[in-house]
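Below: one structure, written as structure tokens.
The values are calculated or read from the model by the stated rules, or taken from the named source; none is laboratory data. Keep in mind that what you see is a predicted model, and the values were worked out from it rather than measured. As a convention, Cβ positions derive from the backbone with ideal geometry for all residues, glycine included, and neighbour counts pool all protein chains shown.
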Amino acid sequence: MAVVLPGVLLLSAWAPDSLSPYRKYGNITPEKYLTGQFNPRTHPFFVSPEKYGIPVRGSHHLLRREAAEALSKLYRDFHRAHPDVPFLVRSSTRTFYDQKYIWESKWNGKRMVNGMKLDRDVKDPVERAGIILRYSSMPGTSRHHWGTEVDLNALNNRYFTTGRGRVLYTWLCRNAQKYGFCRPYTRGRKGGYKEERWHWSYAPLAVQFLRDWNRLFINRPGYFSRPGFFRGSRFCGSLAHEYVNTISRECR
């Protein structure tokens, strides 16, 4: 039996039960979950990676329990092989409002982008959005909303080309798939975000979430372009589908 929400037909697999990744707590629906419009701190499916022995930088990190369990096994085996090489979670789950803050800080010039204050240096809003989209997602379209994503060690591709960064990256490329992790933003894709060697995704959940995001939003191009959804939404919201789906084959 299908569950109907306003404006969209949900598949029966999404009906709230003990196996559903969208099991309802309060007013959390698939739409809210997939766009990060809920509080993971109060959601029982989210846990702190620190409780699983995973080193983190900063505080308030959260992941889906399944992702944290898999990452703890990956970290344990990596650390056993390379005990002197750093392994740090720099970023994990981000809500819609976390992503909105990042996006709008860049849009408004409060956060520099490639040495530029975009509100001052890039007046054309379409061009400005395109610059932000090189590495930052529009609110509601980030994979980090799902609790399946981690950024490791350094948000800089060059870090992973030499020294201990290269050791970590080489090991992950050879072994991460054994633990369920893939890298969505690889080199050579024809569009979307730039390469991110630091970003790894827990595929057993993320593949399903990607499929469900498309079922909800592929025929709703105006959802992310609504005035006031976030700063500049009307100039770039129509690109949501492209940026969400232009990922590596291994993460599909």
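For segment 131-188, give me each residue that is closer than 19 Å to Leu63 by Cα and among the aromatic types (Phe, Trp, Tyr). Within segment 131-188, Trp146, Tyr179, Phe181 meet the criteria. So is Glu196 at pLDDT 95 or above and not in a helix (DSSP H, G or I) or not? Spelling it out, Glu196 is indeed at pLDDT 95 or above and not in a helix (DSSP H, G or I). Tyr169 meets all of the listed conditions (1) under 16 Å from Met138 (Cα atoms); (2) more than 15 Å from the chain's Cα centre (by Cα); (3) among the hydroxyl-bearing types (Ser, Thr, Tyr) but one, namely (1). The set of residues in segment 153-212 that are under 20 Å from Arg90 (Cβ atoms) and among the charged types (D, E, K, R) comprises Arg158, Arg164, Arg166, Arg183, Lys194, Glu195, Glu196, Arg197.
In this structure, Glu104 does not qualify as more than 27 Å from His43 (Cβ to Cβ) and among the acidic types (Asp, Glu).
Each row is one residue, and each column tells you yes or no for (1) modelled with pLDDT under 90; (2) within 21 Å of Cys182 (Cα to Cα).
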residue: Met1; (1), (2): yes, no
residue: Leu19; (1), (2): yes, no
residue: Lys24; (1), (2): yes, no
residue: Pro30; (1), (2): no, no
residue: Leu34; (1), (2): no, yes
residue: Leu63; (1), (2): no, yes
residue: His82; (1), (2): no, yes
residue: Glu104; (1), (2): no, no
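Taking only segment 167-194 into account, find how many residues are surrounded by fewer than 14 Cβ atoms within 10 Å (Cβ to Cβ), farther than 27 Å from Pro30 by Cβ and not polar (S, T, N, Q). Total satisfying the criteria: 7.
The single condition from (1) without any contact (Cβ under 8 Å) to a residue 60 or more places away in the chain; (2) touching a Pro at 6+ places or on another chain (Cβ under 6 Å); (3) under 29 Å from Glu69 (Cα atoms) that Ser238 fails is (3).
Scanning segment 224-249 for residues that are in a helix (DSSP H, G or I), surrounded by fewer than 20 Cβ atoms within 10 Å (Cβ to Cβ) and either under 16 Å from the mean Cα position of the chain (by Cα) or among the aromatic types (Phe, Trp, Tyr) (or both) turns up Phe235, His241, Glu242, Tyr243, Asn245.
On the stretch given as segment 206-222, residues that are touching a residue at least 24 places away in the same chain (Cβ under 8 Å) and either of a type in the set (S, T, N, Q) or surrounded by fewer than 20 Cβ atoms within 10 Å (Cβ to Cβ) (or both) total 5. Out of curiosity, is Trp171 hydrophobic (A, V, I, L, M, F, W, C), over 23 Å from Cys236 (Cβ atoms) and without any contact (Cβ under 8 Å) to a residue 60 or more places away in the chain? When the stated conditions are applied, Trp171 does not pass them. Restricting attention to segment 189-226, the residues being touching an Asp or Glu at 6+ places or on another chain (Cβ under 7 Å) and charged (D, E, K, R) number 0.
Per the listing Val85, Val113, Val89, the residue uniquely surrounded by fewer than 19 Cβ atoms within 10 Å (Cβ to Cβ), out of contact with any Cys (no Cβ under 7 Å at 6 or more places or on another chain), over 21 Å from Ile28 (Cα atoms) and among the β-branched types (Val, Ile, Thr) is Val85.
Among the residues of segment 28-55, those identified as in contact with a Lys or Arg (Cβ under 8 Å, 6 or more places away or on another chain) and outside any loop (DSSP other than H, G, I, E, B) are Phe46, Val47. Quickly run through segment 168-221 and pick out the residues that are over 30 Å from Asp84 (Cβ atoms) and among the acidic types (Asp, Glu). Answer for segment 168-221, where residues must be over 30 Å from Asp84 (Cβ atoms) and among the acidic types (Asp, Glu): just Asp212.
To keep it simple, each residue is scored yes or no on (1) more than 25 Å from Arg158 (Cα to Cα); (2) at pLDDT 95 or above.
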| position | (1), (2) |
| --- | --- |
| Tyr202 | no, yes |
| Phe224 | yes, yes |
| Pro227 | yes, no |
| Arg231 | yes, yes |
| Ala240 | yes, yes |
| Thr246 | no, yes |
| Glu250 | no, yes |
